[in-house]
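Coordinate-derived values only; no laboratory data. Bear in mind the structure is a predicted one, so any value in this text is a computation, not a measurement. Note that each Cβ is placed from the backbone with ideal geometry, even for glycine, and that neighbours are counted across all protein chains shown.
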């Protein structure tokens, strides 16, 4: 039977070309729709964004910049550890909670792969950052930027999506107001994907009570794994599209908004973005060989012997 990495490579051999072909077809269809006079009324009635609601604050505060950076930081480790768990490859070590260090925790310690342990650790940090973000989001009124308050957001989001696909970007200014497609995607990421990832992750974690475990149904293993994997791929797709659009629809202005809390076109946001990438890359390099050492500080770790490479 092919190894998980081999199966992944084989899947990518047809998935990537198929995605490119579908994207080209979608772009051609979108450009045809934009050029068709029959749709001119639609784009006139639904330009792609709604006026900002009364009381919505203008601008991106520094705390939101920091939350955005930390989300990116934690998400890298969440996705990579999640993909390792999903690949079912043999982990280099296993972690077990040490009852002597955590005597107040009930239940017998369960053995976890080092990938699962690291996934749970970074998930916890991601959730704490998310909770702080939600508190500040509602306390400052920033929730009005991403909350759809009218059904007209749907046709406007469709209009913005067609404009993006046609490569004729819709006019937008994230400092003042998000367009409807941005609004729906950010709302889905914060209020749908995030809670779904948390709930399904808890269902699959060792903290889930055994008496509530079911093989099938809404709380079943299969449903939880499918939903959790779906959220994983959603985050990957969202990140790829998000980064692409940030860099192709006015990179300097977008990066100033997202990293420097200003509405200018200077280079501060670019510098801070590059510094954030350096920090993330440095953390990745530093932690790559030290995750097992960190795990030993919180429990008992059994390292597995290295697999022998086949001769020839």
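Just to confirm the number: angle between the C-alpha axis of helix 114-139 and the first principal axis of the chain, 0 to 90 degrees, nearest 10? Taking the Cα atoms of the chain, the angle to 114-139 is about 40 degrees. Between 0 and 90 degrees, the angle of helix 62-87 with respect to the longest Cα principal axis of the chain falls at about 50 degrees. Cα axis of helix 268-288 to longest principal axis of the chain: angle in degrees, 0 to 90, nearest 10? For 268-288 against the chain, the angle is about 20 degrees. What the Cβ-Cβ distance of residue 248 and residue 283 gives, at R0 = 25 Å and to the nearest 0.05, is a FRET efficiency of 0.40.
Taking the radius of gyration and the Kirkwood hydrodynamic radius from Cα positions alone, what is the Rg/Rh ratio for the chain, to two decimal places? Could the numbers behind the result be given before it?
On the way: Rg = 22.6 Å, Rh = 22.5 Å.
My calculation puts Rg/Rh at 1.01.
Pick from 203, 31, 297: which is most flexible by mean-square fluctuation in a GNM of the chain where alpha carbon atoms under 10 Å apart are linked? Greatest mean-square fluctuation among the candidates belongs to 297.
Distance between the 7 Å Cα→Cβ label points at residue 136 and residue 225: 3.8 nm.
Could you line up 150, 159, 113, 72 from fewest to most neighbouring Cβ atoms inside 10 Å?
150, 72, 113, 159
Under a Gaussian network description of the chain, with springs only between Cα atoms under 10 Å, the residue in 163, 183, 289 that fluctuates furthest is 289. Enclosing the Cα atoms of the range 155-200 in their convex hull gives a volume equal to 85 cubic angstrom per residue.
May I ask you to derive the FRET efficiency for residue 205 and residue 15 from their Cβ-Cβ distance with R0 = 25 Å, giving the value to the nearest 0.05? Please report the intermediate quantities before stating the final value.
Numbers: r = 29 Å, r/R0 = 1.18.
Result of the calculation: an efficiency of 0.25.
When DSSP beta bridges are restricted to pairs lying wholly in the chain, around 90% turn out antiparallel. Averaging 1/r over every pair of different alpha carbons in the range 148-275 and inverting the result gives a Kirkwood radius of 17.1 Å. Cβ-to-Cβ counts within 10 Å put 98, 265 in ascending order as 265, 98, the fewest first. For 249, 200, the sequence from fewest to most other C-beta atoms within 10 Å is 249, 200.
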